[in-house]
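Please read through the structure below; I'll follow up with questions.
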Amino acid sequence: MTQNEMEMQQPAPRSRGLKLWSGLRQQWRLLGLFEIDQQHPFHSLTCMMKEGLSAAVQNSIDNPPLNELSEEDFKQEVTQIHKGFRMQSFAGPVFASLRRSLGLTEKEYQSSLSCTGCYLQFISNSKSKADFFLTNDKRFFLKTQSEREIKFLLSHLKVYMEHLERYPHSLLVKFLGVHRIKVPRRRQKYFIIMQSVFYPDERIVDRYDIKGCEVNRWTDPAPEGSQVIMVLKDMNFEGQFITLGQQGSWLLRQVEVDTAFLQELNVLDYSLLLAHQPLHQDERSQSLSFATLIMRTTKSWSLSNTRRSTGRLASTGSSPTLTGPEEDSALLVSGASPGYG
């Protein structure tokens, strides 16, 4: 356990704490995703996140952003006091404006972030020391960040928003919020909220984090039949191919534009997240346009929530869906934030 993690938890007897920690680490290695229940070391932290985020989004609901963002909106800092901690939100109107542009309502966002179900911890093979959490519905990622990383993001937030406005179908990760939790006599925690490209995930069979190199880019696949959620790498993808069809030129151009933008910001570590899933028989028709597939996806997902339908084509919001080999699969594409894998 790192010092930061320990400082966010109540002290416990050393022997019991070590035994519990050892058991959790073993389960994490086996599961990949772990429910943050009352026995989990991050339970206290995630409960504060849920309470604080519910109030922060409510503030956004009560004070909706104007159509035109001001310089003050990018510099805004709002602190809300809760029992035992404070939650600080940065550039709230800016992120609320971005969420609105993605078709995400504040009530939806609030409901997902503050749901009664436990958050999930995603055990990444990232070399960074960041902690990754997922909302219970797996719709949003929450990632702890250093103060330096947060300052970097906020200092470039305006050009990031301009890029997304110019390229609405950019593959860049969608940052939806930046926050800080402060607990008396403990170290503060910064974290960001991101849209998950792997949502909804019921039909996804493989996930990849592609960096375009081969050094240390192999991950041992999960045992056949296991429920482990693994994110594979470049070498795991070797020997496979993607038929891009008419979307090929658009995708390559967008990747060039997005990577050029990251290079301008001197961001060196970034990757492309891919997800592979089977298509239904009636989704394989070449006559269906990309827009039609996305519309079918949205409707299908809405129906699956109420009717428990097993058939749909998963959507990534503004990210493209690409037809794969033999037209029997879809590939969901989105950029990853630095340090993901």
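Residues in segment 83-122 that are crowded, with 21+ Cβ neighbours inside 10 Å and β-branched (Val, Ile, Thr): how many?
Selection size over segment 83-122: 1.
Counting only residues that are assigned to a loop (DSSP other than H, G, I, E, B) and either within 15 Å of Phe237 (Cβ to Cβ) or basic (Lys, Arg) (or both), how many does segment 167-203 have?
So the answer is 5.
Shifting gears a bit: Here is a list: Leu134, Leu176. Which entry is open to solvent by less than 30 Å² (accessible area, probe 1.4 Å), under 16 Å from the mean Cα position of the chain (by Cα) and within 15 Å of Leu45 (Cβ to Cβ)?
Just one listed residue meets the conditions, Leu134.
Next question, about the same structure. Suppose the filter is surrounded by 13 or more Cβ atoms within 10 Å (Cβ to Cβ), out of contact with any Gly (no Cβ under 8 Å at 6 or more places or on another chain) and within 26 Å of Ser170 (Cβ to Cβ); does Trp250 pass it?
It is true that Trp250 is surrounded by 13 or more Cβ atoms within 10 Å (Cβ to Cβ), out of contact with any Gly (no Cβ under 8 Å at 6 or more places or on another chain) and within 26 Å of Ser170 (Cβ to Cβ).
Name the residues in segment 42-65 that are open to solvent by less than 20 Å² (accessible area, probe 1.4 Å) and under 30 Å from Pro223 (Cβ atoms), would you?
Across segment 42-65, the qualifying residues are Phe42, Thr46.
Could you check, for segment 152-170, whether at least one of its residues is among the β-branched types (Val, Ile, Thr) and in contact with a strand residue (DSSP E or B) (Cβ under 7 Å, 6 or more places away or on another chain)?
Checked against the condition, which is being among the β-branched types (Val, Ile, Thr) and in contact with a strand residue (DSSP E or B) (Cβ under 7 Å, 6 or more places away or on another chain), segment 152-170 yields no hits at all.
Oh, and also: Given Glu71, Glu149, Glu108, which one is without any contact (Cβ under 8 Å) to a residue 40 or more places away in the chain and more than 15 Å from Ser196 (Cα to Cα)?
Only one candidate passes the filter, namely Glu71.
Next question. Given the conditions (1) outside any helix (DSSP H, G or I); (2) of a type in the set (D, E, K, R); (3) in contact (Cβ under 8 Å) with a residue 24 or more places away in the chain, report the number of the one that Glu51 does not fulfil.
Single failed check for Glu51: (1).
Answer with yes or no whether Glu68 is over 16 Å from Gln188 (Cβ atoms), open to solvent by 40 Å² or more (accessible area, probe 1.4 Å) and assigned to a loop (DSSP other than H, G, I, E, B).
When the stated conditions are applied, Glu68 passes them.
Since Asn266 meets every condition but one in (1) surrounded by fewer than 17 Cβ atoms within 10 Å (Cβ to Cβ); (2) at pLDDT below 90; (3) farther than 27 Å from Lys50 by Cα, which condition does it not meet?
In the conditions (1) surrounded by fewer than 17 Cβ atoms within 10 Å (Cβ to Cβ); (2) at pLDDT below 90; (3) farther than 27 Å from Lys50 by Cα, Asn266 misses (2) alone.
On the phi < 0 side of the Ramachandran plot, under 15 Å from the mean Cα position of the chain (by Cα) and acidic (Asp, Glu): does that describe Asp209?
Judged against the criteria, Asp209 is a match.
Among the listed residues Gln80, Gln76, which satisfies the condition of being at pLDDT 95 or above and open to solvent by 50 Å² or more (accessible area, probe 1.4 Å)?
Answer to the selection: Gln76.
If you scan segment 218-270, which residues turn out to be assigned to a helix (DSSP H, G or I), without any contact (Cβ under 8 Å) to a residue 40 or more places away in the chain and among the aromatic types (Phe, Trp, Tyr)?
Phe237
The values are calculated or read from the model by the stated rules, or taken from the named source; none is laboratory data. Since this is a predicted model, take the numbers as computed values, not measurements. Every residue, glycine as well, gets a Cβ built from its backbone with ideal geometry; the counts of neighbours run over all protein chains shown. Please note that ligands, DNA and RNA were not included when accessible areas were found on the heavy atoms of the full protein model with its side chains. Shrake-Rupley method; radii C 1.70, N 1.55, O 1.52, S 1.80 Å.
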